[in-house]
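*Asks:* Would you mind keeping the following structure in view while I ask a few things?
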Amino acid sequence: MSSSSRKVPPLPEVVLTEAEGRARVAKATRRSFLAAAAAAGGLAMGWRWLTASPMEDGIRAPLRSMLRFNERIARASFSRKRLTPTFPRESALTPRANGKAGLEDEEFNPATWRLVVEGLSGGRQSLGIAELQSLPKTEMVAEFKCIEGWSTVVQWGGVRFADFATRFPPTTPSGKPFDLADRPDDVPPHVSIETPGGGYYVGLDSDSALHPQTLLAWEMNGEPLSEEHGAPLRLVIPVKYGIKSIKRIGRIAWQDQRPRDYWAERGYDWYAGL
């Protein structure tokens with residue numbers, strides 16, 4: 001007889017008395033209880049360890065370490081050549097204003113606004129909106145993603161940060177002239193950006209700032225920015241969550257040290273990459 005036709009003997013039928021059945025159920029219940037108790041004890045010990053650890057930038061140090069680990073993974077996969085998706089113009093909508101940090105100054109006058117730029121090879125600069133609008137204009141329809149979980153497709157108009165840096169070049173680590181094409185890594189590692197009064201501020205890695213889809217924008221959906229959306233100038237950086245797209249920029253500084261960041265100081269991820 002072949003193995004495929006061999007009959008498997010049936011399992012012997014087990015018949016328990018009522019007392020034996022109750023004993024088995026009680027034993028299984030005790031095991032489940034002990035396992036649950038052990039798990040709860042482990043969670044309690046873990047929670048006590050976590051809450052006893054020191055604070056670091058708004059959250060417990062182990063959680064901050066995990067965010068740094070996530071950043072290392074995101075940086076390893078980042079490329080300025082990898083673009084985020086773009087969309088047809090008719091897909092564009094108006095996003096939520098979502099936040100007034102740095103916009104509280106009711107006496108702010110866009111007509112007298114100036115952009116201060118520091119860390120440049122030519123020294124500190126103070127620029128008006130006309131000087132920025134004289135640079136090559138780029139329009140882009142991209143998805144604006146909020147860290148809260150919502151997103152909106154928006155059309156933006158402005159100058160690429162890379163083109164802005166080419167016109168107003170930073171002081172390079174090598175001391176040579178800034179050249180993004182030939183020496184893309186010869187650049188200060190960080191960019192600090194703040195609102196005019198310093199009420200809101202973000203820190204960026206230079207790789208993300210110089211990504212070809214990062215804009216200094218003065219238009220949204222074909223119209224000048226409204227004050228609630230950051231007039232006269234805001235950052236748009238699709239490779240990051242919206243917390244990095246700072247509104248009403250007043251100061252940009254290239255620097256060697258990692259800049260402070262408003263939401264990172266409140267427990268969020270400093271890198272905030274998508």
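Here, each number is a calculation from the coordinates, and none is a lab measurement. From a predicted model like this one, the values you see are computed outputs, not experimental measurements. When we count neighbours, we look across all protein chains shown, and the Cβ atoms used for this are built from the backbone with ideal geometry, even at glycine.
*Asks:* Placing unit charges on C-beta atoms (Lys and Arg positive, Asp and Glu negative, everything else neutral), compute the dipole magnitude of the stretch 56-266 about its Cα centre in debye, rounded to 20.
*Replies:* Here the size comes out at about 580 debye.
*Asks:* Compute the Cα gyration tensor for the stretch 56-266, then decide on rounded, prolate or oblate, letting a ≥ b ≥ c be the square roots of its eigenvalues: rounded whenever a/c is under 1.5, prolate when a/b is larger than b/c in the other cases, and oblate in all that remain.
*Replies:* Cα axes put the stretch 56-266 in the rounded bin.
*Asks:* The stretch 149-202: D in µm²/s via Stokes-Einstein (Kirkwood Rh, Cα pairs, 25 °C, 0.890 mPa s)?
*Replies:* For these conditions, the coefficient is 177 µm²/s.
*Asks:* Under the classification rounded if a/c is under 1.5, otherwise prolate if a/b is larger than b/c and oblate if not, where does the stretch 138-231 fall, given a ≥ b ≥ c as square roots of the Cα gyration tensor eigenvalues?
*Replies:* Prolate, since a/c reaches 1.5 and a/b exceeds b/c.
*Asks:* Another one. Once the Cβ-Cβ distance between residue 77 and residue 126 is put in as r, and R0 is 45 Å, what FRET efficiency do you end up with, to the nearest 0.05?
*Replies:* FRET efficiency, residue 77 to residue 126: 0.75.
*Asks:* Any idea how far the Cα center of the stretch 230-259 sits from the one of the stretch 144-170, in Å?
*Replies:* Between the Cα centre of the stretch 230-259 and that of the stretch 144-170, the gap is 8 Å.
*Asks:* Could I ask something else about it? What distance in nm separates the simple spin-label points at residue 68 and residue 257, each placed 7 Å from Cα in the Cβ direction?
*Replies:* Label-label distance for residue 68 and residue 257, simple model: 1.7 nm.
*Asks:* Percentage of Cα-Cα pair distances in the stretch 92-161 greater than 17 Å, rounded to whole percent?
*Replies:* So the pairs more than 17 Å apart make up 65 percent of the total in the stretch 92-161.
*Asks:* What are the residues whose amide H is under 5 Å from the amide H of residue 147, where those residues sit 5 or more places off or on another chain and H is modelled from the backbone?
*Replies:* Long-range HN contacts for residue 147: 242, 243.
*Asks:* Moving on to the next point. For the stretch 56-266, what is the number of Lys pairs with C-alpha distance below 19 angstrom, counting only pairs 8 or more positions apart or on separate chains?
*Replies:* 8
*Asks:* Under the Karplus relation 6.51 cos²θ - 1.76 cosθ + 1.60, θ = phi - 60°, what is the ordered set of whole-Hz ³J(HN,Hα) values for the stretch 174-190, x standing for Gly and Pro?
*Replies:* After applying 6.51 cos²θ - 1.76 cosθ + 1.60, I find 7, x, 7, x, 4, 9, 5, 6, 8, 9, x, 9, 8, 8, x, x, 9 Hz.
*Asks:* Out of all Cα-Cα pairs in the stretch 43-178, roughly what percent, to the nearest whole number, are more than 19 Å apart?
*Replies:* Percentage above 19 Å: 74.
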